[in-house]
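Just so you know, all these numbers are worked out from the coordinates, no wet-lab data involved. Every value quoted in this text rests on a predicted model; they were computed, and no experiment measured them. Cβ atoms come from the backbone with ideal geometry, glycine included; neighbour counts cover every protein chain shown.
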Amino acid sequence: MGGIVVISVLKYKKLPVIWEFMRTTNHRKIGTLYILFGFIFFLRAGIDALFIRSQLAVPNNDFWVFQFEKYNEVFTTHGTMMIFFAATPMLLGLMNIAVPLQIGARDLAFPFLNAVGFWLFFTGGMLFNIAFFLNSAPAIGWTGYAPLSTSLFTLGVGSDFYVFSLQISGLGTIFTALNLIVTIVRMRAPGMKFTRMPLFTWATLITAFLILVAFTVLAIGLYLLMFDRMFGTKFFHGPDGDPVYWQHLFWIFGHPEVYILALPAFGIFSDIISTFSKKRVFGYPAMVLSIVLIGFLSFMVWVHHMFTVGLGPVTNTIFAITTMAIAVPTGIKVFNWLFTMRGGVLRFTTPMLFSLGFIPSFVMGGVTGVMLSVSAADFQFHDSHFVVAHFHYVIIASTILGIFAGIYYYYPKITGFVLDEKLGKWHFWLFLIGFHLTFFPMHISGLNGMPRRVYTFRVGEGLEITNLLSTIGAFTMGISMLFFFYNLFKTHKKGEKVGNDPWDGRTLEWTVGSPSPEHTFTPMPFVEETDPFWYAKLRRERIKTTKEHRASPISRDSILPFLMTITLGFMSFCMIYKWYVPAIILGAGVFSFFVIRAFHDERAEHYGKEQTDDE
Ligand code: HEM
Ligand SMILES: [Cu+2]
């Protein structure tokens, strides 16, 4: 993969473009980078999934090297990469691209910080991937359960790679969340009240708050684990430590994390379903309220991951009830999506198909979720493939279908091209069919006793057919991705650019050029209702604008974010191998970049000009 990139870069002499993207602080370009690298990591984790499924295709299988300890490494890499380095960043990318445009802002509130956030994710992702090439991939599951993850049981550096790469990329995620909160609260166009904000922006706002709390808890957990592993503390093992403490910290982060993945997708679906039904979203206040409620409840349910730990029936019952409660706001949203389509003028474009595929698939994941929330029943389901089926139904139906819907929908805003619809439909149908074929049989394997995280099964356990079907389904999903690649290739080859508004959109992002220019919204739009662009078009008017000026963020190129984070990456690498002297030197380097930044403002030469016009 890297080789192909390097060769094509050298061949087409794209070095100036790379240099440009390394220094950019523009929200569209950073969003593009997020999606690009998130996607590369998605492929890597997807290939891991195919290795897992190849090993599990038939009983007593001995596929290449992917058994025993290697199997542990593969599913750990798969899970960790999918959650932290594929799903989360691709969503952050879509937010970066769409949110400023949806609210009529020029950029995120802190463009420099935005670049730092992206490069932290990039550095974390690279660090995690390097482990594989040093034959030190972590093998502790994406949950890093103690005491397995402590130095008592994993002596090698694999678990340290897990700790440091998640710590670094998590920091970037926190920065970006802060940035999004300030942007949405402070940078909205005049008249865009909270009650007029598009739902993707609403979902982003709530998600950003979840990130702020959840990723902070993760950071604390990872620090403690780092101390346990490197400096001999005993938070999670030994007579005074407790592995259950890790589980609490991890799941206080981990459960909200699944909503950090789901809520933005809900927002994307709401906007898309409304656009392609030519109707306002049904029950806007209920939609917003249910996002808020889901966000709040997501912090009240973490113990449903720990029903079998032995916290007692009272605790289990309380958390069973709070878990079931989440079904209520989720159900409200499902009905509102259906009512939005009712009586609408439907257009079955690719983004719409991905949104429609989401609804029944997600409901199926929700149903098994309610089953799992019954704490007594969970003793049967726990750590079986039933759980694997459940969470893939939820995550893939919401996050992954949402990301694809978002990529097809916003592709014109990113590149100026609309992706080919016919190939898009092939991609959608093969992906959806492959998805159900992979994961539906896993419910049955799970109920038949197939444990999670175990690399094989025997003949005559009633697991042969379901596993074979799952493997065929997984490869069908793999094949569907080839249609996506061909689509990218063909679309760019054909090279037909589109105008501002290829989908007949409703919100402000469709009033600016495709791809979105670096300087938008001068003069500033003035918003008087939800879906302002749509109603302006109905009245055959232009969007109202205002002469007033308002301080707006200025994005200016700077290589500092890249240097800071790469140095931090090298420092972490030295820490992992306990090379403390170079680590301290590199740490001083990171600090000095902060000092340079404090005394140097890349926007300096621009001050005073900003109010003029064309900029
Ligand atoms: C694209 C097709 C995918 C396939 C075929 C697939 C397959 C699998 C399988 C078979 C396992 C169980 C491994 C085991 O317990 O031994 C697994 C685990 C997991 N998958 Fe996926 N998966 C896919 C996509 C995803 C996506 C998109 C995400 C999240 C965004 C994801 C997140 C996870 C997580 C968190 C685990 C748990 C890993 C662990 O136990 O440490 N997967 N996957
Ligand atoms: Cu949960």
> Going by a ≥ b ≥ c, the root eigenvalues of the Cα gyration tensor, does region 47-160 fall in the rounded group (a/c under 1.5), the prolate group (a/b larger than b/c) or the oblate group?
Replying inline: prolate
> Under a 5 Å amide H to amide H cut-off, with H placed in plane at 1.01 Å, what residues pair with residue 141 once short-range neighbours are removed?
Replying inline: 76
> What fraction, in whole percent, of alpha-carbon pairs in region 253-350 exceed 23 Å separation?
Replying inline: 37
> Between residue 325 and residue 300, what length comes free when the chain is fully extended (0.36 nm per residue of separation minus the Cα-Cα distance, one decimal in nm)?
Replying inline: 8.0 nm
>> Under 8 Å for C-alpha pairs, at least 6 residues apart: give me the relative contact order for region 225-343, rounded to a whole percent.
In response: 29
>> Between region 437-479 and region 510-586, what is the separation of their alpha carbon centroids in Å?
In response: 43
>> Suppose R0 equals 56 Å. What FRET efficiency, 1/(1 + (r/R0)^6) with r the Cβ-Cβ distance, do residue 317 and residue 486 give to the nearest 0.05?
In response: 0.60
>> Given the options 431, 140, 388, identify the residue whose Cα lies farthest towards the positive end of the charge dipole of the chain (+1 on Cβ of Lys, Arg; -1 on Cβ of Asp, Glu).
In response: 431
>> Given the -39500 (n - 2.57) contribution per DSSP H run of 4+ residues, what per-residue ellipticity at 222 nm results for the chain, rounded to the nearest 500 deg cm²/dmol?
In response: -22000 deg cm²/dmol
> Suppose every K and R has +1 on its Cβ and every D and E has -1 on its Cβ; what is the size of the dipole of region 179-271 about the Cα centre, in Debye to the nearest 20?
Replying inline: 500
> Dividing the Cα convex hull volume of region 338-409 by residue count, how many Å³ per residue is that?
Replying inline: 83
> When only C-alpha pairs under 8 Å and at least 6 residues apart count, what is the relative contact order of the chain, in percent?
Replying inline: 18
> Under the Kirkwood approximation for Rh and a Cα-based Rg, what ratio Rg/Rh is obtained for region 158-239?
Replying inline: 1.20
> If you average the sequence gap of Cα pairs under 8 Å that are 6 or more apart and divide by the length of region 160-252, what percent do you get for the contact order?
Replying inline: 31
>> 5 Å is the cut-off here: which amide hydrogens, built 1.01 Å from N in the peptide plane, fall below it relative to residue 545, excluding neighbours closer than 5 in sequence?
In response: 526
>> What number do you get for the chain when its Cα radius of gyration is normalised by 2.2 N^0.38 Å, N = residues?
In response: 0.95
> By how many nm would the segment from residue 370 to residue 345 grow when fully extended, if each residue of separation counts as 0.36 nm and the alpha-carbon distance is taken off?
Replying inline: 5.6 nm
> To the nearest 20 debye, what charge dipole does the chain have about its Cα centre, counting +1 at the Cβ of each Lys and Arg and -1 at the Cβ of each Asp and Glu?
Replying inline: 1480
> Which ³J(HN,Hα) values, rounded to whole Hz and listed in residue order, are derived for region 37-50 from phi using the Karplus coefficients 6.51, -1.76 and 1.60 in 6.51 cos²θ - 1.76 cosθ + 1.60 with θ = phi - 60°, glycine and proline given as x?
Replying inline: 6, x, 5, 4, 5, 4, 5, 4, 5, x, 5, 4, 4, 5
> Which order do peptides 394-401, 580-587 fall in by mean Cβ count within 10 Å, highest first?
Replying inline: 394-401, 580-587
> How high is the FRET efficiency between residue 135 and residue 230 when r is their beta carbon distance and R₀ equals 30 Å, given to the nearest 0.05?
Replying inline: 0.90
> Gap in Å between the Cα centre of region 301-324 and the Cα centre of region 159-200?
Replying inline: 30
> To the nearest 20 debye, what is the magnitude of the charge dipole of region 336-434 about its Cα centre, counting +1 on the Cβ of each Lys and Arg and -1 on the Cβ of each Asp and Glu?
Replying inline: 420
>> From the phi angles alone, apply the Karplus equation (6.51, -1.76, 1.60; θ = phi - 60°) to region 81-95 and give each ³J(HN,Hα) in whole Hz, x where the residue is Gly or Pro.
In response: 5, 4, 6, 8, 10, 10, 5, 4, x, 5, 5, 4, x, 5, 4
>> Across region 18-74, what fraction of all alpha-carbon pairs, as a whole percent, falls in each successive 10 Å bin from zero upward?
In response: 21, 32, 18, 18, 11, 1
>> As I understand it, the dipole of the chain uses +1 on the Cβ of Lys and Arg and -1 on the Cβ of Asp and Glu, about the Cα centre. Which of 499, 222, 122 lies farthest toward its positive end?
In response: 499
> Semi-axes, largest first, in whole Å: what does sqrt of 5 times each Cα gyration tensor eigenvalue give for region 535-615?
Replying inline: 45, 18, 8
> Quick one: which of 14/494; 490/537; 278/537; 193/413; 279/547 span more than 22 angstrom between C-alpha atoms?
Replying inline: 490/537; 193/413; 279/547
